[in-house]
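Below is one structure, written out as structure tokens; comments come after it.
The values are calculated or read from the model by the stated rules, or taken from the named source; none is laboratory data. Remember, it's a predicted structure, so these values are computed and weren't measured experimentally. Please note: Cβ atoms are built from the backbone with ideal geometry, for glycine as well, and neighbour counts cover all protein chains shown. Note: areas computed on protein heavy atoms with side chains; ligands, DNA, RNA excluded. Shrake-Rupley method; radii C 1.70, N 1.55, O 1.52, S 1.80 Å.
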Amino acid sequence: MSTLRIEGLTKTYPNGVKALEGVSLEIGNGMFGLLGPNGAGKSSLMRTLATLQEADAGSVTLDGIDVLNQPEKLREILGYLPQEFGVYPKITAEQLLDHLAVLKGISNRKERKELVKYLLQKVNLYDQRNKSVKGFSGGMKQRVGIAQALIGDPKLIIVDEPTAGLDPGERNRFHNLLADISEGVIIILSTHIVSDVHELCTDMAIMNHGKIVFNGAPDQAVTDIEGMVWEKTVGRNEVERYRQDYNLISNKMVAGKPLIHILSDADPGNGFQPVAADLEDVFFAKINKKKQLSDALS
């Protein structure tokens with residue numbers, strides 16, 4: 001069983017933005033979800049773990065490999081699907097995977113051919129192997145991306161915002177594929193889509209402003225705030241007042257009116273109704289929490 005240990009990882013960009021502030025995590029085999037809003041530092045962490053950028057301080061180890069100081073060793077067992085997976089124009093899926101296998105050091109032509117066939121079957125694209133990848137749908141391109149990430153039998157696979165822009169059917173197919181390959185390997189799923197983590201991951205972390213604000217099991221996180229979430233439909237011009245008076249964690253439009261969720265240990269009255277907590281409530285509570293929040297969220 002592999003273990004990825006991240007300790008005190010810090011990164012500040014030349015423009016002064018603190019992308020990572022003392023990030024520490026321990027991640028084992030299976031699917032690990034990394035949630036956070038845009039700009040939270042997720043991609044900075046993923047790029048650092050993928051050895052695409054250096055950290056200012058901290059350490060990362062994977063099965064005896066010092067990731068920050070031995071990037072070449074990590075790359076030998078790394079699969080990476082970035083947020084923007086570019087493809088060569090006018091190249092087929094089979095040609096693309098064969099080319100990437102060469103770059104990964106698989107020089108034997110017969111071995112490459114068998115591997116590419118296996119990967120295309122794995123991601124259910126074998127029948128489209130001779131078609132140009134440029135013409136693939138978003139979901140098909142992401143499946144090609146996972147196929148290339150599996151080259152070299154990786155121990156660590158990083159996928160950054162993999163379902164953004166996919167339609168529901170493609171998203172479900174991609175989820176099934178990730179679940180299928182997650183046994184015996186560490187997969188880090190970085191996303192801002194709460195349902196992706198809820199449906200796929202048994203362990204997770206939430207990032208905000210470069211820091212880890214929660215680390216644990218999704219189900220436990222929901223249990224921790226059960227009985228503390230209340231909702232009410234309000235007028236559009238009332239949202240800001242409720243934000244001032246209550247611990248408002250989220251608001252969304254339902255039938256043209258804002259439906260707000262607040263966090264409270266006791267019945268807040270004033271027309272609020274109790275509602276079953278879910279992972280989205282946890283997410284918003286962690287990234288929007290006020291200083292006076294109860295210890296249940298600390």
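Just a few scattered comments:
- Pairs, first surrounded by fewer than 22 Cβ atoms within 10 Å (Cβ to Cβ) in region 153-165, second at pLDDT below 80 and not aromatic (Phe, Trp, Tyr), C-beta under 7 Å, six or more apart: 161/83
- Filter result for residue 191 (among the hydroxyl-bearing types (Ser, Thr, Tyr), modelled with pLDDT of 85 or more and under 21 Å from residue 4 (Cβ atoms)): yes
- For region 110-118, the criterion of a residue being surrounded by fewer than 13 Cβ atoms within 10 Å (Cβ to Cβ), at pLDDT 90 or above and in contact with a helix residue (DSSP H, G or I) (Cβ under 9 Å, 6 or more places away or on another chain) is satisfied by at least one position.
- When region 52-76 is filtered for residues that are over 21 Å from the mean Cα position of the chain (by Cα), in contact (Cβ under 8 Å) with a residue 60 or more places away in the chain and either open to solvent by less than 90 Å² (accessible area, probe 1.4 Å) or on the phi > 0 side of the Ramachandran plot (or both), only 63 remains.
- Positions within region 46-77 being in contact with a Gly (Cβ under 9 Å, 6 or more places away or on another chain) and either under 20 Å from residue 201 (Cα atoms) or of a type in the set (Asp, Glu) (or both), in sequence order: 76
- Assessment of region 98-110 against the conditions (in a helix (DSSP H, G or I) and under 25 Å from the mean Cα position of the chain (by Cα)) yields at least one matching residue.
- Of all residues in region 241-285, those satisfying the criterion of being in contact with a strand residue (DSSP E or B) (Cβ under 9 Å, 6 or more places away or on another chain), without any contact (Cβ under 8 Å) to a residue 40 or more places away in the chain, open to solvent by less than 40 Å² (accessible area, probe 1.4 Å) and of a type outside the set (Phe, Trp, Tyr) are 250, 258, 259, 260, 261, 262, 263, 264, 268.
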